[in-house]
Amino acid sequence: MRVVIAEDSVLLREGLTRLLTDRGYEVAAGVGDGEALVKAVGELVARGEAPDVVVADVRMPPTHTDEGVRAAVRLRAEHPAVGVLVLSQYVEEQYATELLAGSSRGVGYLLKDRVADVREFVEAVARVAAGGTALDPEVVAQLLGRSRKQDVLAGLTPREREVLALMAEGRTNSAIAGRLMISPGAVEKHVSSIFVKLGLSQSDADHRRVLAVLRYLDS
């Protein structure tokens, strides 16, 4: 699995590189700003060595505001097959929504504290690279808690909302079952009901789990 890392802190960038290479990932490039990220991915794609996933900080030089997420959004448009996992110090709803809006697969938004849990972080990188989602629970809680979204959730039961939140984190049905202490069969019924209530048909195939979350966020 090929990864590009964009992080202006040299220590963190080297730390992420070591963490991933020790687990068999190929870190094809490590850069320190948004423009360098876009350039590095473009060059890799041109050589036929497109990365599977990009791991990028939200805030990078020169202004340390939104350069990272701007670069991530640009990559989503120019190279949709490349997964994008954004790291942030805090939950920044505007940036999270902008990154997720219009995306159908391979996207994630984690708080940097999650990197401390190596297993969860590596699993998140793998999920995004494979086309899934990896959203921090705190990000999910804030996005799903917005009052302007209540109309979309009105048709969901409290349990379905819990299942949807865990789906947004990228959890599998078995993981959701374990978290909520219900059977896998019950989870499947809740997921099917969510698909129906959000208007996602069978034709959406494997991406319905991602689309279930994005349909909510885009509404």
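Check A40, A72 and return the single one that is in the same structural domain as A6 (by TED's automatic domain parsing) and in contact with a Leu (Cβ under 7 Å, 6 or more places away or on another chain). Give the steps one after another, and end with the answer.
Values: A40 fails: in contact with a Leu (Cβ under 7 Å, 6 or more places away or on another chain).
After ruling out the rest, the residue left standing is A72.
Return yes when L37 is among the aliphatic types (A, V, I, L, M), out of contact with any Lys or Arg (no Cβ under 8 Å at 6 or more places or on another chain) and crowded, with 18+ Cβ neighbours inside 10 Å and no when it is not.
For L37, the condition - among the aliphatic types (A, V, I, L, M), out of contact with any Lys or Arg (no Cβ under 8 Å at 6 or more places or on another chain) and crowded, with 18+ Cβ neighbours inside 10 Å - is met.
Taking region 111-120 as the region of interest, how many residues are part of a helix (DSSP H, G or I) and within 19 Å of E92 (Cα to Cα)?
Taking region 111-120 as the starting set, the residues that turn out to be part of a helix (DSSP H, G or I) are 112-116, 118-120.
If we keep only those that are within 19 Å of E92 (Cα to Cα) too, we end up with 112-115.
So the count comes out to 4.
Taking the residues in region 158-182 that are of a type in the set (S, T, N, Q) and assigned to a helix (DSSP H, G or I) as candidates, determine which candidate is surrounded by the fewest Cβ atoms within 10 Å (Cβ to Cβ).
It comes out as S174.
Are any residues in region 1-27 surrounded by 19 or more Cβ atoms within 10 Å (Cβ to Cβ) and small (G, A, S), and if so, which ones?
Of everything in region 1-27, just one residue is surrounded by 19 or more Cβ atoms within 10 Å (Cβ to Cβ) and small (G, A, S), namely A6.
Considering only residues that are among the acidic types (D, E) and in contact with a helix residue (DSSP H, G or I) (Cβ under 8 Å, 6 or more places away or on another chain), look in region 97-126 and name the one that is modelled with the highest pLDDT. If you could, list the steps in order and put the result at the bottom.
Taking region 97-126 and keeping what is among the acidic types (D, E), we get 98, 113, 117, 120, 123.
Within this subset, residues satisfying the condition of being in contact with a helix residue (DSSP H, G or I) (Cβ under 8 Å, 6 or more places away or on another chain) are 98, 120.
Values: E98: 74, E120: 86.
Among those residues, the one meeting the criterion is E120.
Search region 151-200 for residues being of a type in the set (D, E) and modelled with pLDDT of 90 or more, and hand back the single one that is farthest from D136 (Cα to Cα). Before the answer, list the steps.
We begin by selecting, within region 151-200, every residue of a type in the set (D, E); these are 151, 160, 162, 169, 188.
Pick out the ones that are also modelled with pLDDT of 90 or more and you get 160, 188.
Numbers: E160: 19, E188: 22 Å.
My answer is E188.
Residues to consider are E67, E93; find the one that is surrounded by fewer than 16 Cβ atoms within 10 Å (Cβ to Cβ), acidic (D, E), over 16 Å from V122 (Cβ atoms) and outside the structural domain of R208 (by TED's automatic domain parsing).
Testing whether each residue is surrounded by fewer than 16 Cβ atoms within 10 Å (Cβ to Cβ), acidic (D, E), over 16 Å from V122 (Cβ atoms) and outside the structural domain of R208 (by TED's automatic domain parsing) leaves just E93.
Would you call R13 basic (K, R), over 11 Å from V82 (Cβ atoms) and in a loop (DSSP other than H, G, I, E, B)?
Values: basic (K, R): yes; over 11 Å from V82 (Cβ atoms): yes; in a loop (DSSP other than H, G, I, E, B): no.
It is false that R13 is basic (K, R), over 11 Å from V82 (Cβ atoms) and in a loop (DSSP other than H, G, I, E, B).
The values are calculated or read from the model by the stated rules, or taken from the named source; none is laboratory data. Fair warning: this is a prediction, and the values are worked out from it, not measured in the lab. Every residue, glycine among them, receives a Cβ derived from its backbone with ideal geometry; neighbour counts consider all protein chains shown.
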